[in-house]
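Report on one structure; see the data block that follows.
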Amino acid sequence: MRRGVWWKKSAGRSVWMLGMGVVAAGLWTGWLGGTESGPYEVWQVAGLVLSLLVVVCWAAFRRRVVAGVAGTTAGMTVAAWCDWSDDSTGLFVIGVALVLHGSLFATALVSTLVRYVARGTRWAGR
């Protein structure tokens, strides 16, 4: 058994997951952070979704499915919590839960589809 290799893989996976979370939170802040009153505009949410779609597809294509799914979901959830936590009613927790479940489902579905399609190509993940 080779010693000392496991921590390199774990560190690499952690860096990818942390990076994906930071990117997702940054995209949330970039697209939705400027809205101080009222609901988000449709173009803001569409921009966020399309930006995240590109990032998650890229991660899945690079064979970083777990980092893409878990990191993006964590980043979106933390960003939603930070953005909405000043709500005095406490109902923001429901919104954050919906963001968590929705982003988990969507990123897992997109990553699975990308890996399925990319599996047939010779250059996938390189």
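The values are calculated or read from the model by the stated rules, or taken from the named source; none is laboratory data. Since we're looking at a predicted model, the values are computed, not measured. FYI the Cβ positions are ideal-geometry reconstructions off the backbone, even for glycines, and counts take in every protein chain you see. In case anyone asks, the SASA skips ligands and DNA or RNA and just uses the protein heavy atoms, side chains included. Shrake-Rupley method; radii C 1.70, N 1.55, O 1.52, S 1.80 Å.
Assorted remarks:
- Test result for G19, part of a loop (DSSP other than H, G, I, E, B), modelled with pLDDT under 95 and open to solvent by less than 40 Å² (accessible area, probe 1.4 Å): no
- Top-ranked residue of segment 84-105 - restricted to ones that are farther than 26 Å from R115 by Cα and within 16 Å of the chain's Cα centre (by Cα), ranked as surrounded by the fewest Cβ atoms within 10 Å (Cβ to Cβ): A97
- Check on T112, in contact with a helix residue (DSSP H, G or I) (Cβ under 8 Å, 6 or more places away or on another chain) and either surrounded by 17 or more Cβ atoms within 10 Å (Cβ to Cβ) or not in a helix (DSSP H, G or I) (or both): no
- Meets criteria (of a type in the set (G, A, S), open to solvent by 40 Å² or more (accessible area, probe 1.4 Å) and in contact (Cβ under 8 Å) with a residue 12 or more places away in the chain) for A118: no
- Whether a residue is within 21 Å of G33 (Cα to Cα) and touching a Ser or Thr at 6+ places or on another chain (Cβ under 9 Å) was assessed, and T72 passes this test.
- Test: T77 is in contact (Cβ under 8 Å) with a residue 12 or more places away in the chain, in a helix (DSSP H, G or I), open to solvent by 60 Å² or more (accessible area, probe 1.4 Å) and of a type in the set (S, T, Y): no
- Residue under evaluation V54, criteria (1) surrounded by 15 or more Cβ atoms within 10 Å (Cβ to Cβ); (2) within 12 Å of the chain's Cα centre (by Cα), criterion not met: (1)
- Residue match in segment 34-49 (condition: closer than 12 Å to T107 by Cα, β-branched (V, I, T), part of a helix (DSSP H, G or I) and at pLDDT 95 or above): yes
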